[in-house]
Amino acid sequence: MRNVTRIVFATDFSDSSAHAFPYALLLAEAYRAELYLFHAVVLHADDPHNPTHRFPDRERLHEQLHRTAEAALADTRGAHETEVEIHLASRRAISPLPAILDFLEESDADVVVMGTHGRGAVGRAILGSVAREVVRLSQCPVLTVRGRGEDDVIHRIERVVVPVDFSDHSALALDYARFLAAAFGARLQIVHVVEEALYPEFYYPVLASPLTLTPAMRQQVEEQLRSWLREKIGAELQADVHVLAGRAASEITAQAVAQESDLIVISSHGRTGFERALMGSVAESVVTRAHCPVLTVKPLGKDLLAG
């Protein structure tokens, strides 16, 4: 990413948000960008008949935002001071999603950073996920950070995983990953997954055997992958290349764990409606599965690579 001047950190004051904040600060410091702390005040949670359920007024909200930001900053500053310009903002809305999307457009955000709870399948289906919907609908890249225990907090970007599938969409993710790796001095991990065929449940027990990559097959795919990388980049890319077999989302997240990666950069096709329900989304699955932060970029979204 080159042209990052405005970063939005969307917070709900949860532990997940608190864990995500240092990454927003990290990006803002690296790109010398303005940082907006944004909170959506959900109207239906403001019960006029129960004083304990009332949200504070705007001034008190800003004070709370400021205290939250100061606490998170204190945890991440360490021995150095930050010169990041921080702004506070809040909006009242029926639900957080439209408020966040409206503010991203209003502020002309370049990147939005959010914490995600990483709920399981049942929880996601019942409760939904604001972060997942922002990933799908935002026009700017979205950095999602899954909440962890305090002992697991790591605020650095030294190893970056970027999945590629020979498509132009994955080439875009690779471009973003290259600029991020250069900005943070990180090592790129290029991952290509040869996917197994998926069959309906009623095919059981007549199923194909699990896909196994022979050494010759792996070498052939690696050669094609390196050729594709040279074609897209125009030079030899200094990166580690991994060719795997299995389900894309599972293999990508497992490889990120195996490489102790600090970030995954992936492109989203932004499917909607029936097509998304039928085909699923690797990017959305990675966002909900990954233990490290995930930067999701959009092929038709805001371009931060021009210039």
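The values are calculated or read from the model by the stated rules, or taken from the named source; none is laboratory data. On a predicted model such as this, the values are computed, not experimentally measured, just so you know. Cβ sites come from the backbone with ideal geometry, for glycine too, and all protein chains shown count toward neighbours. In case anyone asks, the SASA skips ligands and DNA or RNA and just uses the protein heavy atoms, side chains included. Shrake-Rupley method; radii C 1.70, N 1.55, O 1.52, S 1.80 Å.
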- Query: Of all residues in segment 284-307 being in a loop (DSSP other than H, G, I, E, B) and of a type in the set (Lys, Arg), which is farthest from residue 249 (Cα to Cα)?
  - Reply: 302
- Message: I'm trying to understand the selection: among the residues of segment 248-263, which are among the hydroxyl-bearing types (Ser, Thr, Tyr) and surrounded by fewer than 18 Cβ atoms within 10 Å (Cβ to Cβ)?
- Response: 250
- Note on the structure: Those residues of segment 89-108 that are open to solvent by 20 Å² or more (accessible area, probe 1.4 Å) and within 22 Å of the chain's Cα centre (by Cα) come to a total of 9
